[in-house]
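Q: Below: one structure in structure tokens.
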Amino acid sequence: MTSRRDFLKTSAGVSVGAAVGMGSPRSLAGAPAVLRSRITPVAIASGNGMEAVATAFQAVSAGDDTLDAAVKGVNIVERDPNDRSVGYGGRPNLDGVVQLDSSVMHGPSRGAGAVACLEGIKTPSRVAVDVMRYTDHVLLVGKGAQRFAVSMGHKVEDLLTDATRRQWIEWRARMSATDDYLTREEAGTGADPFEDGEDEGLGMLDSHDGVRPQGTINCNVINQDGDLSGVTTTSGLAWKIPGRVGDSPIVGAGLYVDNDVGACGSTGRGEAVIKTCGSHSVVELMRSGMSPVDACLEALRRVVTFTAEARLRDGQGRPNYNVNYYAVNKDGEYGGAAIWSGARFAVCTGGESRREDSAYLFERGS
Ligand code: GLY
């Protein structure tokens, strides 16, 4: 019986062979003469993915499969306790529990895998890969996802760090002035002598200013043969209702890859991306001939149109939140766009990683 692994090898071979085409001239040694020009490999990610794109680019340049390369890249961020939006050290839900979402898509094999509401596993993207490679399913959630992860050898650990626990405790105390939880100021007892490390303060985490922290990493990779893969991974919306699933593990929303066309992923308000099938829309727009940047901008216009709720619009009717898309097409052209100006994405081409400005629909402060 042909194993999935054999199939992946075979399909990668088919992809290269197909690029040569029937009746291609052959070299004297019998090897096919490759007519299609080689693509310059690209790794593109959200702004928090500088190390991720460098690692993914290095891996794909060394011959790694595009999905393995992308996942290696985001694993750095998933394991980093200082990134509060992804994996270990990600901000918890309403109950103080870190619940992670992730999806992967492998272009050459048309494979997809995802996990949602997964607790206790630092690298949900690897579990998503296992769902793709070792099951007949695409999406596993909650306890079932964790049981599957453990069966595949993943370790269950406490993902809450001292810093994120302190933020959650502070947020809980600010939720209501009439419950029994106190902020430090309300308690008036000064600093906690048993606390380790720096206190970041809540700043943007104040539940009363309407701003909720929301981060994620998406990384998409194309190799020199034009094969594409992508991964999106997140701890989702901070302080979310337990069980809330964002766009990241939803194939077509937080990630979409079509090996014939391109790849796209998203960060930002997941609900808006789910409602507009965001990443799938971007890929379909690229299929119709749009550049990656124009496709991202058009998909963002749809997000704006779908923002009907007054509570989600500013005084001029524009979304009071952000969504970002990151896309690369089959020719290795890439780009990013956001609803609001000021967003940046990470990219590595030719061995050099850098941040570039995302295109946008609205200028901040306008
Ligand atoms: N885009 C990440 C989330 O909404 O969960």
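Q: Within segment 64-88, restricting attention to residues that are buried (at least 23 other Cβ atoms within 10 Å of the Cβ) and within 30 Å of R174 (Cβ to Cβ), which residue is farthest from the chain's Cα centre (by Cα)?
A: My answer is Y88.
Yes/no per residue for (1) buried (at least 17 other Cβ atoms within 10 Å of the Cβ); (2) charged (D, E, K, R):
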residue	(1), (2)
H280	yes, no
C296	yes, no
L300	yes, no
R311	no, yes
Q316	no, no
Y326	yes, no
E333	no, yes
G350	no, no
D357	no, yes
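Q: Given the structure, is P249 of a type outside the set (F, W, Y), more than 26 Å from W340 (Cα to Cα) and either within 11 Å of the chain's Cα centre (by Cα) or more than 13 Å from the ligand (Cβ to nearest atom) (or both)?
A: Spelling it out, it is not the case that P249 is of a type outside the set (F, W, Y), more than 26 Å from W340 (Cα to Cα) and either within 11 Å of the chain's Cα centre (by Cα) or more than 13 Å from the ligand (Cβ to nearest atom) (or both).
Q: Can you spot a residue in segment 208-229 that is out of contact with any Cys (no Cβ under 7 Å at 6 or more places or on another chain), basic (K, R), within 16 Å of the ligand (Cβ to nearest atom) and at pLDDT 75 or above?
A: no
Q: Are any of the residues in segment 45-53 charged (D, E, K, R), closer than 30 Å to R166 by Cβ and modelled with pLDDT of 90 or more?
A: Scanning segment 45-53 turns up at least one residue that is charged (D, E, K, R), closer than 30 Å to R166 by Cβ and modelled with pLDDT of 90 or more.
The values are calculated or read from the model by the stated rules, or taken from the named source; none is laboratory data. Note that the structure is a prediction, hence the values are computed from the model and not measured. Note that each Cβ is placed from the backbone with ideal geometry, even for glycine, and that neighbours are counted across all protein chains shown.
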